[in-house]
Amino acid sequence: MSTLLLFGATGDLSHRMLLPSLYGLHADRLLPADFRICATARSELDTAAFRATAGEALRRFMPADRLEESTLASFLERLDYISVDASRPEDFARLGQALAGRIDKGLSIFLSTAPSLFGPTVEGLKAAGLAGEGVRLALEKPLGTDLSSSRAINDVVAAAFPEERTFRIDHYLGKETVQNLLALRFGNALFEPMWNAKGIEHVQITVSETVGLEGRAGYYDTSGALRDMVQNHMLQLLALVAMEPPSHFDASAVRDEKVKVLRSLRPIDADHIEKESVIGQYSAGAVAGQVVPGYLEELGKPSDIETFVALKAHVDNWRWHGVPFYLRTGKRLPSRQSEIFIQFRTVPHSIFGGRGAHLQPNKLVIRLQPEENIRLLVMAKEPGLDRQGIRLREVPLDLSLTNAFAGARRRIAYERLLLDLIEGDPTLFVRRDEVEAQWEWIDRIRAGWTAAGMTPRSYGAGSWGPSAAIALTERDGVSWHD
């Protein structure tokens, strides 16, 4: 690949993630010497003005120890800018002419735009000759608002870009710890024999945010927590936890196993929706000691959209029969974290019973953010002469990836995804059948909420959601891992 065509280049995602990621690849000499980045957006800028804007963004969002002025100057030389309005076919014709000499050397296109622009953008690219054999297309979420709209987007894309040249992004798959989950499971003989219903009692996946709307009111109030977080990030994490061992670490094998899990998710229908799901909406409260307004105050109008959702899910196959997967996500919660919590079953017989030793089941905690960490909680003997019997205590075995790999730089997830796009490796991207299986499960939940007349319960900002979310797990004798 000799060229990356970046749509939405003046947007927030570009400034915060994409340009810093591309700079990082450039600084580490991972981009070909003649590689060009053609940025485009509706803004009427010339290349010099865009380079100045990009430089400001990099100085703002790159860590100071990673930004070197001579490297920045050479990176900015890679950037060109062409203004394109997706509603104007003549703009695409001009874009095609500007890239005519580079298409045959390979072109990657990244759409960081509103989903409503996917259709006209893809049609414009096709008409301008920018959808040929050597062209790959990456799509940033959201890919629709339900199964029907997702299929409509995918059909438009498929008319110009076949599946093998379509790269759907879920940036969670680019995180080091997410890939370490695969290494943990399939690179160690210790875990896999117990990674099933005989060894695991339940699984929890939590993605919590302390922030509110943060300028995303227009998008969020038409989406909500279920579609914003569960449909993509959380179901991808669930699939990686629950999938069977793939035959190889390659795109087809990994994604084949993920889609089997997604298709095995038990539908949460109207008969079970009130027992197996909880929805909430934050009211005024305090987060990190700061008083914050409620969702309706931030939004400035009435709304029944959920800012919190908790679900009890089941994967109906032999490996996971009877094992509940508890999912929880929300805004204005007490802390920002993404975490997979796995509780193993207790030992079948305790030889220490009745002698002051209280056995706890082993637990595995995989923390994705804010710090990346893997912690295994095991039972160990307390020091002493044991005159009153052996006493055991739960102690952690920590693998801090920051410490274990202190000499390696922690990369932005988009660095890996952009490099994989440029090199044509789709393993960490989402296939169409995965997306549609996710939407099918999500649509059933939303239909169940409507049928049951469920509306969000209020919870104070800074709490862990409505009290009903606690009851969701406690009726099974389980507590959330906070």
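The values are calculated or read from the model by the stated rules, or taken from the named source; none is laboratory data. Because the structure is predicted, anything quoted here is derived from the model rather than measured. Every residue, glycine among them, receives a Cβ derived from its backbone with ideal geometry; neighbour counts consider all protein chains shown. With ligands, DNA and RNA removed, areas are computed over all heavy atoms of the protein, side chains included. Shrake-Rupley method; radii C 1.70, N 1.55, O 1.52, S 1.80 Å.
Which one is surrounded by the most Cβ atoms within 10 Å (Cβ to Cβ), of the residues in segment 98-121 that are within 21 Å of Asp420 (Cα to Cα) and of a type in the set (Val, Ile, Thr)?
So, considering only residues that are within 21 Å of Asp420 (Cα to Cα) and of a type in the set (Val, Ile, Thr), the one surrounded by the most Cβ atoms within 10 Å (Cβ to Cβ) is Ile109.
Restricting attention to segment 25-43 and to residues that are of a type in the set (A, V, I, L, M) and in a loop (DSSP other than H, G, I, E, B), the residue that is surrounded by the fewest Cβ atoms within 10 Å (Cβ to Cβ) turns out to be Ala33. Regarding segment 85-92, can at least one residue be identified that is surrounded by 19 or more Cβ atoms within 10 Å (Cβ to Cβ) and either in contact with a helix residue (DSSP H, G or I) (Cβ under 8 Å, 6 or more places away or on another chain) or among the hydroxyl-bearing types (Ser, Thr, Tyr) (or both)? Looking through segment 85-92, at least one residue is surrounded by 19 or more Cβ atoms within 10 Å (Cβ to Cβ) and either in contact with a helix residue (DSSP H, G or I) (Cβ under 8 Å, 6 or more places away or on another chain) or among the hydroxyl-bearing types (Ser, Thr, Tyr) (or both).
Screening Leu399 against (1) free of Cβ contacts under 8 Å to residues at least 24 places away in the same chain; (2) closer than 27 Å to Ser335 by Cα leaves a single unmet condition, (1).
Is it true that some residue in segment 191-208 is open to solvent by 10 Å² or more (accessible area, probe 1.4 Å) and part of a strand (DSSP E or B)? Yes.
Among the residues making up segment 455-482, a single one is under 10 Å from Tyr282 (Cα atoms), polar (S, T, N, Q) and crowded, with 16+ Cβ neighbours inside 10 Å: Ser463. Kindly establish whether Ala127 is of a type in the set (Gly, Ala, Ser), surrounded by 16 or more Cβ atoms within 10 Å (Cβ to Cβ) and over 23 Å from Leu419 (Cβ atoms). Taking the combined requirement at face value, the residue does not satisfy it.
Table: residues versus (1) among the hydroxyl-bearing types (Ser, Thr, Tyr); (2) in contact with a Ser or Thr (Cβ under 9 Å, 6 or more places away or on another chain); (3) at pLDDT 95 or above.
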| site | (1), (2), (3) |
| --- | --- |
| Gly101 | no, no, no |
| Ser112 | yes, yes, no |
| Leu117 | no, yes, no |
| Val135 | no, yes, no |
| Glu140 | no, yes, no |
| Leu143 | no, yes, no |
| Ser149 | yes, no, no |
| Ile153 | no, no, no |
| Val156 | no, no, no |
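Please indicate, with yes or no, whether at least one residue in segment 235-245 is part of a loop (DSSP other than H, G, I, E, B) and surrounded by fewer than 21 Cβ atoms within 10 Å (Cβ to Cβ). Yes, that holds for at least one residue. Of all residue pairs spaced 6 or more apart or on separate chains, those with beta-carbon atoms under 6 Å, a first member in segment 296-317 that is within 24 Å of Ile442 (Cα to Cα) and assigned to a strand (DSSP E or B) and a second member that is among the polar types (S, T, N, Q) and open to solvent by 10 Å² or more (accessible area, probe 1.4 Å) are Val315/Ser264.
Scanning segment 270-288 for residues that are open to solvent by 50 Å² or more (accessible area, probe 1.4 Å) and either within 19 Å of Asp476 (Cβ to Cβ) or not in a strand (DSSP E or B) (or both) turns up Ala270, Asp271, His272, Glu274, Lys275, Ala284, Ala288.
Of the strands (runs of 3 or more DSSP E) lying entirely inside segment 51-164, those carrying at least 3 residues that are in contact (Cβ under 8 Å) with a residue 24 or more places away in the chain and either under 27 Å from the mean Cα position of the chain (by Cα) or closer than 25 Å to Val435 by Cα (or both) are 107-111, 135-139.
Each row is one residue, and each column tells you yes or no for (1) over 18 Å from the mean Cα position of the chain (by Cα); (2) in a loop (DSSP other than H, G, I, E, B).
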residue	(1), (2)
Glu371	no, yes
Leu376	yes, no
Met379	yes, no
Gly389	yes, yes
Glu394	yes, no
Thr427	no, yes
Ala437	no, no
Thr450	yes, no
Leu472	yes, no
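Candidates Pro348, Pro361: the one that is farther than 23 Å from Trp439 by Cα, in a loop (DSSP other than H, G, I, E, B) and open to solvent by 40 Å² or more (accessible area, probe 1.4 Å) is Pro348. Within segment 313-320, can one find any residue that is open to solvent by less than 10 Å² (accessible area, probe 1.4 Å) and closer than 30 Å to Ala286 by Cβ? Taking every residue of segment 313-320 in turn, none turns out to be open to solvent by less than 10 Å² (accessible area, probe 1.4 Å) and closer than 30 Å to Ala286 by Cβ.
When Val254, Val291 are checked against the criterion of being touching a Gly at 6+ places or on another chain (Cβ under 9 Å) and either surrounded by fewer than 23 Cβ atoms within 10 Å (Cβ to Cβ) or assigned to a helix (DSSP H, G or I) (or both), Val291 stands alone in meeting it.
The residues listed here are Arg431, Arg411; of these, the one that is among the basic types (Lys, Arg) and closer than 16 Å to Lys175 by Cβ is Arg411.
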